[in-house]
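The values are calculated or read from the model by the stated rules, or taken from the named source; none is laboratory data. Model, not experiment: these values are computed from the prediction. Backbone-built Cβ (ideal geometry, glycine too); neighbour counts: all protein chains shown.
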Amino acid sequence: MKFLSYDSEQKQESETEIRNVELETIHLFVQTWVPDFLFRSLRDPRFPYHLFQWEEIIRFSFWAPDTWQCYGAFTGTRLDGLLCLGIGEDKLKVEYLATAPWNYSDVGKMRGIGSGLIYFTVINSIDRHHQGELWLDATPDSEGFYKKIGMIATGNVNDSGLKEYAMSKNEANSFLEKFKKHVTK
């Protein structure tokens, strides 16, 4: 799937493509995201970005191909987002979703990456006969984004203290309608 993201530094739209993650993505992640995260967090210790253990997550998806699938959002050759889906029988679970550190906050470089990954997930849910429904456990700093796109807190909290959010069929259809103008393929 391809969609238009917005480069806030260049002040122009860019095409971003979501595709399956290969093992080389681990190296791309290590070469780009980790140094950027370290640079930003050293300059400003209040930088609240959560750097997940993506290498372990992606490797797990290769070990469990029937239950997990991982995807990357690439703008050109740059990796701007990562997504891992847990494939369940009744609905789709977003196991991990993250945009790159340089996209983080209200003034991030690439706008629309997270929404593109959610759009891709809703389409994936529909393709798997889950009617667009999905759920995830949100970090505290991402809850505002999930509320903004129409997800609802279920009241459940996981062992790590993360709140569960869900998107119903109606919310999914509403989100698809709003975002489809950005989809190019």
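Just a few scattered comments:
- Filtering 133, 171, 164 for residues that are in contact with a helix residue (DSSP H, G or I) (Cβ under 7 Å, 6 or more places away or on another chain), at pLDDT 85 or above, acidic (Asp, Glu) and more than 29 Å from residue 76 (Cα to Cα) leaves a single hit, 133.
- Flag if residue 5 is modelled with pLDDT of 60 or more and surrounded by fewer than 19 Cβ atoms within 10 Å (Cβ to Cβ): no
- Residue check, residue 152 β-branched (Val, Ile, Thr), surrounded by fewer than 16 Cβ atoms within 10 Å (Cβ to Cβ) and at pLDDT 95 or above: yes
- Residue match in segment 136-146 (condition: surrounded by fewer than 20 Cβ atoms within 10 Å (Cβ to Cβ), on the phi > 0 side of the Ramachandran plot and at pLDDT below 95): no
- Members of segment 123-141 that are free of Cβ contacts under 8 Å to residues at least 24 places away in the same chain and farther than 14 Å from residue 172 by Cα: 140
- Any chance residue 118 is out of contact with any Leu (no Cβ under 9 Å at 6 or more places or on another chain), under 24 Å from residue 5 (Cα atoms) and surrounded by 17 or more Cβ atoms within 10 Å (Cβ to Cβ): no
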